[in-house]
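Let me begin by presenting the structure, written as structure tokens, before commenting on it.
The values are calculated or read from the model by the stated rules, or taken from the named source; none is laboratory data. Not measured: the values here are computed from a predicted model. Cβ coordinates were reconstructed from backbone atoms using ideal geometry, including for glycine residues, and neighbour counts include every protein chain displayed.
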Amino acid sequence: MDINNIDNSNNMDSNNKNSDYKFNQILFDEISTIIFDVLKENINTDSEASNTNNNFIINKELLNKLLEDDQISDDDVFFNNEPNCKDIFNYKNPELFFDQLSNGGFYYPPKPFYKHIGLVLHSWATIKRFPIQFQPLYGLNEVKKSEQEKNNIYLDDSGSSDNSNSDNGNTDNSNNTNNDNNGNKEEKNDNEDSQKNEMVYFENLSDSVVDFINNKWGNGSKEEKKEFILNFFKNLTNRNLLTLFSIRKTKLSLDTVLLPGPIQLIKSSNLLNIPGSNSKLTVSSKALSKHSIRSKDSFWGSDKGPELVKNKRSESVLIKILAEPAWINIHLLPHNIQIIEIRNIQGYGLRWSADGTFFRGFLEPQMEGGHEVGWKH
């Protein structure tokens, strides 16, 4: 899959791309280096502060996750080589991510995550507003999440949840579209207010962020820059941090779990479906086989061909959605199963365990009466 063929129009209208938004490699490198230094110093400092406000800056484990890179070994399998996902999900060409971010789009952040924060701050100062935008996605009303998703877990004969690499269709949203009562409306308003409060928090920081980076950064000392970054971090809650990564806030969202890296997600999707057998079919390729007949626009591609072709096809779909996500949420399913859900602007999606080590399946776009028609659309 060629990264140049990824259709960024889902997230960013190239015709409306603002040519005044210029990427500055030197500024990005400087901001990222200062962020790295501040995080590293806080990891090595014994903090006496309490975590009563869920402030992430004193969470050593979380700080380490912002600094670590995706691990790739010789045993890891990737199927697309022109380029492969290792060439796409990194910061060798950060201008691509900057353009998406500055023009109303987004991307799934590669590791190390501190560089993504550097891009957010650079874009923020350039466009003079907080660059993360939460656009609505059809059918994901952030209402009654437990009800929406209760039918998304496959139950075996014993009634226990099956953790196989298969998703039993899609999020059940019928309760929202057909039976929207006052209680649902109140919950919807509560969750919308929560998301709006997140945006208001960052909007209130805009003047200080834009002023310092645009007017003071160039002549500031290293210590002044570190103080600015540290003060920015000191006031961030765990949820604020997730907002920097465009993670949605819904009723069952998890505020203390940071997203896994994209390479980890693809690695776990490329594991063998049946280890030790003669078949080389991956877990994601097996899961994709039931989806190709559901989409009239052929988004998933064909389910025909030898196993290697199927494996390449499923990895390409993963990369396509991860390259231009419109919805990322880390939340609970029934039975307290922690998952990460990622969808593009059309509603096609992916799910993994929240730590990214277990691929759970593909998702069809939301639609009324989806279960009744087998999610064919």
> Among all residue pairs at least 6 apart or on different chains, which show Cβ distances below 7 Å where the first residue, located in the stretch 115-140, is within 17 Å of residue 204 (Cα to Cα) and in a helix (DSSP H, G or I) and the second is aromatic (Phe, Trp, Tyr) and modelled with pLDDT under 95?
Replying inline: 126/21; 127/21
> For the subset of the stretch 254-271 comprising residues that are in a loop (DSSP other than H, G, I, E, B) and of a type in the set (A, V, I, L, M, F, W, C), which member is farthest from residue 66 (Cα to Cα)?
Replying inline: 271
>> Given the criterion of a type in the set (A, V, I, L, M, F, W, C) and outside any loop (DSSP other than H, G, I, E, B), identify the matching residue among 321, 274.
In response: 321
>> Suppose we keep only residues that are closer than 12 Å to residue 35 by Cβ and among the aliphatic types (A, V, I, L, M) within the stretch 210-231. Which one would you say is surrounded by the most Cβ atoms within 10 Å (Cβ to Cβ)?
In response: 229
> Of the residues that sit in the stretch 32-52 and are at pLDDT below 90 and among the β-branched types (Val, Ile, Thr), which one is surrounded by the most Cβ atoms within 10 Å (Cβ to Cβ)?
Replying inline: 45
> Hey, any hits in the stretch 287-296 for a residue that's of a type in the set (A, V, I, L, M), in contact with a strand residue (DSSP E or B) (Cβ under 9 Å, 6 or more places away or on another chain), surrounded by 20 or more Cβ atoms within 10 Å (Cβ to Cβ) and modelled with pLDDT of 95 or more?
Replying inline: no
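Please go through the stretch 333-377 and give me each residue that is at pLDDT 85 or above and among the β-branched types (Val, Ile, Thr), ordered by number. First the steps, then the outcome.
Of all residues in the stretch 333-377, those at pLDDT 85 or above come to 333-365.
Hits for the stretch 333-377 are 337, 339, 340, 342, 345, 357.
Residues are listed down the side, and each one gets a yes or a no for (1) outside any loop (DSSP other than H, G, I, E, B); (2) more than 30 Å from residue 41 (Cβ to Cβ); (3) of a type in the set (A, V, I, L, M, F, W, C):
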| residue | (1), (2), (3) |
| --- | --- |
| 223 | yes, no, no |
| 230 | yes, no, yes |
| 250 | no, yes, no |
| 286 | yes, yes, no |
| 303 | no, yes, no |
>> I'd like the residue in the stretch 235-257 that is among the charged types (D, E, K, R) and within 15 Å of the chain's Cα centre (by Cα) and, out of all such residues, is nearest to residue 131 (Cα to Cα).
In response: 248
